[in-house]
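A short reminder: the numbers here are calculations on the coordinates, not readings from a lab. Everything numeric here is computed off the predicted structure, so don't read it as measured data. Don't worry about glycine lacking a Cβ; one is built from the backbone with ideal geometry, like all the others, and counts go over all protein chains shown.
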Amino acid sequence: MAMTGALLIWGWLPVSVLQARSEISEPTARDFEQNQHEHLDAELRKLREIIAGYSFKCYGSASKLVGPDILRKGCAIPSRFTGDGDSTLWNGLLCFTGRNPWACEAIKKSQSEDGRIWRSPRRMISENDGNEYPQASFSRDMARGVLLYILATRDNELAQGWSDYMSNIGALCPDHTDWSCDIRSQSYRRINHVMATTGLKGISFAYTVFPCLWPTYPLSSAFHETVMENRVEKNESFHLHLAAIDLLMDPHLKKPLYDDKSRQEMAEVLFRRKPYNLFYQYLAHGPTLELKKRILEFAPRSRPPYLAQWVWEREIPSRDLNKFASEPESPSTEEQELAFKEYIRLESMGWDFIFLIDLVLDKRP
């Protein structure tokens, strides 16, 4: 009976009193969430310091280190598949967060006097470790790192020198090794959109390494979006990661290639397909409390045996899936997550987590 009376009294409270109660409770909830973010940000800063302490730089550039720490001396690079072969992409991503000026500087040091850009500062000095080296000196992947750098720094001198160089030779580099340096229609479009964003003249030439692709550049936006949608639905491994980078870059263009709704839908597809990939979670949902907690949960607290991979661009190795999945060909979400954590523990290069931490620090959804 007492309870009923209390409910009746509450029911007869004036509207103004109820509103006052609501106004008190809402800021309290916001304050609680704010405090949670601040606590997690403090933890992420501590974690970032640990990771930065063991991550490897070669000539001031983000690099892999596969093997014992003695290889740090003299920046020894044991093979083409390790070391600084993708450094320009990693440096561009790290520069783009605004928290790593050294990574921006590494991009600048990767450009030679003729405007050409190389895979890393060391590769520029060594001219890709000699003319017989079996890897092209640049690629469309690396070009995205430069574009991120240009958007972050508005370095028009570097951008114009690079644009002039590409226009002169009709490619990203003169190497024909594995066709990495040909400028295809989507590359052409993306580069010129970034150049236009910074107020510069874009690349222009009458041929590509594959001349038959030249007429395809003036694609409609609708067709271009269809291509992108197919990429996020079908691609795997680093090809999917490149699509994710394009989504990260797109809203920063003067004339974005996709509208907000399309970008959001494609980011959701990425995260649905790879629910263990925290970079894709960031693209889909932003710097949420959940994401910050997952970064703290996933990131290694001590140096992995091999600083070998930018993990956001890789599939989970079968080696790790076999450890946790009852049916490795069709693992559950939980099994994928356990396997991915094991992969991170063994092979994260460190800079992959620095990049993600920098994206979310001091930010709210």
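Computed values, structure above
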| quantity | calculated |
| --- | --- |
| Residues 38, 335, 113, sorted so that the one with the fewest Cβ neighbours within 10 Å comes first | 113, 38, 335 |
| Net charge, residue 321 excluded, C-beta distance under 13 Å - Lys, Arg +1, Asp, Glu -1 | -4 |
| Under-5 Å amide H pairs with residue 307, H placed in peptide plane, nonlocal only | 65, 67 |
| Separation of alpha-carbon centers, the range 304-365 and the range 102-136, rounded to whole Å | 29 |
| Charge dipole magnitude, Cβ of K and R +1, D and E -1 - the range 260-365, Cα centre, debye nearest 20 | 320 |
| Order of 340, 205, 56 under a 10 Å beta carbon neighbour criterion, fewest first | 205, 56, 340 |
| Mean Cα-pair separation over length for the range 71-172, i.e. relative contact order, pairs under 8 Å, 6 or more apart, % | 30 |
| Footprinting exposure proxy for 233, 157 (fewest neighbouring C-beta atoms within 10 Å first) | 157, 233 |
| Out-of-range pairs (alpha-carbon distance over 21 Å; input 274/323; 274/363; 261/292; 201/255; 64/109) | 274/363; 261/292 |
| Cβ charges +1 (Lys, Arg) and -1 (Asp, Glu), total dipole of the range 284-327, debye | 260 |
| Order by protection proxy (mean Cβ within 10 Å, highest first), peptides 237-247, 290-300 | 237-247, 290-300 |
